[in-house]
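Have a look at the structure below, then the notes.
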Amino acid sequence: MSTPNLFLKNVTAVTLSPASVRRGVNLRVSGELVSGLGLDLSPEPGDEVMDLHGALVMPGLVVGHHHLYSALARGMPFPSADPPKNFHETLQKIWWRLDRALDPETNYLSALAGALDAARFGVTAMVDHHASPSAVPGSLDEIARGIGEVGLRAILCYEVSDRDGQEVAEAGIQENLRFQRSRARDPLLRGMIGAHASFTIGDATLDALARACADTGAGLHMHLLEDAVDRTMSLELHGADPVTRLARRGLLTDRTLLVHGVHLTPNEIQTLGEAGVFLAHNARSNMNNRVGAAPVASFGDRVVLGTDGIDGDIMAEARAAFFRGREHSSPVDLGLVTRMLTGSNALLESYFGARFGHLVEGAVADLVVLDYDPPTPLEADNLAGHLGFAWGAHLVRSVMVAGSFVYRDRAYTRLDPAEALGRTRAGAAALWRKL
């Protein structure tokens with residue numbers, strides 16, 4: 001059944017970049033696209049008319065880097081007898097143990113839990129980075145199934161690594177290729193080629209990843225210099241630093257997404273900027289893992305904001321990035337935070353071949369409705385200040401993806417959340433027992 005056309009009456013239309021605030025306008029959605037916005041716009045026969053009484057309507061929010069498989073880790077007991085002493089040990093003792101315990105069912109349930117979380121936070125799309133070494137084949141379909149039950153948009157990949165052996169690494173590459181081919185025409189899903197980090201990937205596997213990118217035209221989605229160990233171990237094990245290893249194989253392209261970049265040098269940042277890669281900043285994760293403060297103010301225009309699996313609350317991430325950035329001698333300002341928050345729209349455009357992040361005719365109707373009645377004037381020139389000091393997930397009333405509400409008036413439209421969360425809790429308990 002086709003999606004009915006929607007006429008949203010009396011809205012405050014907001015875009016973050018470029019900043020714009022238009023009050024009392026009407027917005028029409030036809031199928032999956034915005035078909036009109038203006039003061040004099042009128043409904044057409046058959047439109048479903050909704051009076052929003054001045055509520056804010058803006059393009060949907062995007063998590064530019066996520067690990068949905070961590071959704072079932074919330075509250076998980078961590079090792080107490082021999083706790084991790086550094087970032088590498090945190091990976092070994094916590095996250096790599098978790099991802100090895102995942103099976104097809106918990107892959108699906110983690111994606112379902114993460115998508116439920118993200119939708120109520122105003123997120124319409126996620127760029128996910130998945131790992132489940134004990135259940136590689138078909139794992140991206142399980143992630144897609146969980147996301148699809150909520151109705152969100154996603155770009156998915158499998159995180160290839162040599163840490164579990166060459167056979168698992170090859171299976172990860174094949175999973176990326178299989179998903180790319182099977183979902184090429186899916187309206188809400190696309191694929192990238194995933195990789196963990198340079199220090200866990202040998203030359204043969206990195207060569208195979210380069211061939212996969214060349215064969216599919218997709219970009220690499222990979223952690224880069226999150227911690228200093230990525231550089232030291234890459235040099236020790238593979239004879240070159242991470243950026244050099246990627247550059248030698250033609251993996252620095254305008255479709256590539258590199259994540260964290262905490263320990264990038266100025267020269268490396270220049271190299272990445274000249275190549276046009278996307279860089280994902282994950283402020284809360286960096287603080288939690290104590291890996292340092294990313295030089296995000298020098299990352300350039302192709303910077304996106306991710307949560308790194310902490311949750312789906314990208315507005316909380318934006319505020320954390322702002323306050324974290326304020327501590328430094330070259331501070332992060334609200335303008336930069338706003339550009340990071342909206343930067344993932346360019347990534348979506350590259351992979352979906354459509355226009356995102358704008359309220360104009362022909363743009364994709366991925367929208368969020370906020371109940372925000374500000375105590376001070378709200379204008380284009382102070383919009384970032386409202387975002388940085390007031391906006392949060394508590395304001396989200398409704399979320400629309402491709403012209404269809406997936407969360408409407410604070411209720412999910414496609415599933416019973418109580419039933420779904422009952423299943424995710426049971427799945428989490430089973431996963432923890434395996435650990």
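The values are calculated or read from the model by the stated rules, or taken from the named source; none is laboratory data. Model, not experiment: these values are computed from the prediction. Every residue, glycine as well, gets a Cβ built from its backbone with ideal geometry; the counts of neighbours run over all protein chains shown. Note: areas computed on protein heavy atoms with side chains; ligands, DNA, RNA excluded. Shrake-Rupley method; radii C 1.70, N 1.55, O 1.52, S 1.80 Å.
Key figures for this structure:
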{"item": "Residue match in the stretch 320-335 (condition: in contact (Cβ under 8 Å) with a residue 40 or more places away in the chain and within 19 Å of the chain's Cα centre (by Cα))", "result": "yes"}
{"item": "Any chance A316 is closer than 16 Å to H65 by Cα, of a type outside the set (K, R), open to solvent by 20 Å² or more (accessible area, probe 1.4 Å) and modelled with pLDDT of 95 or more", "result": "yes"}
{"item": "Considering residues of the stretch 156-176 that are touching a helix residue (DSSP H, G or I) at 6+ places or on another chain (Cβ under 6 Å) and more than 14 Å from H130 (Cβ to Cβ) only, the residue surrounded by the most Cβ atoms within 10 Å (Cβ to Cβ)", "result": "A169"}
{"item": "So R423, is it open to solvent by 40 Å² or more (accessible area, probe 1.4 Å) and either under 22 Å from E149 (Cβ atoms) or among the hydroxyl-bearing types (S, T, Y) (or both)", "result": "yes"}
{"item": "L61 vs. criteria within 27 Å of the chain's Cα centre (by Cα) and at pLDDT 95 or above", "result": "yes"}
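Residues are listed down the side, and each one gets a yes or a no for (1) more than 25 Å from F322 (Cα to Cα); (2) touching a Pro at 6+ places or on another chain (Cβ under 7 Å); (3) of a type in the set (V, I, T):
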| position | (1), (2), (3) |
| --- | --- |
| L237 | yes, no, no |
| V259 | no, no, yes |
| N267 | no, no, no |
| N286 | no, no, no |
| V291 | no, no, yes |
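Table: residues versus (1) modelled with pLDDT under 95; (2) of a type in the set (K, R); (3) in contact with a Gly (Cβ under 6 Å, 6 or more places away or on another chain).
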site: S42; (1), (2), (3): yes, no, no
site: H53; (1), (2), (3): no, no, no
site: L68; (1), (2), (3): no, no, yes
site: M76; (1), (2), (3): yes, no, no
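Residues are listed down the side, and each one gets a yes or a no for (1) out of contact with any helix residue (DSSP H, G or I) (no Cβ under 8 Å at 6 or more places or on another chain); (2) hydroxyl-bearing (S, T, Y); (3) without any contact (Cβ under 8 Å) to a residue 12 or more places away in the chain; (4) open to solvent by less than 20 Å² (accessible area, probe 1.4 Å):
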{"position": "V303", "(1), (2), (3), (4)": "no, no, no, yes"}
{"position": "L348", "(1), (2), (3), (4)": "yes, no, no, yes"}
{"position": "P374", "(1), (2), (3), (4)": "no, no, no, no"}
{"position": "M400", "(1), (2), (3), (4)": "yes, no, no, yes"}
{"position": "G403", "(1), (2), (3), (4)": "yes, no, no, yes"}
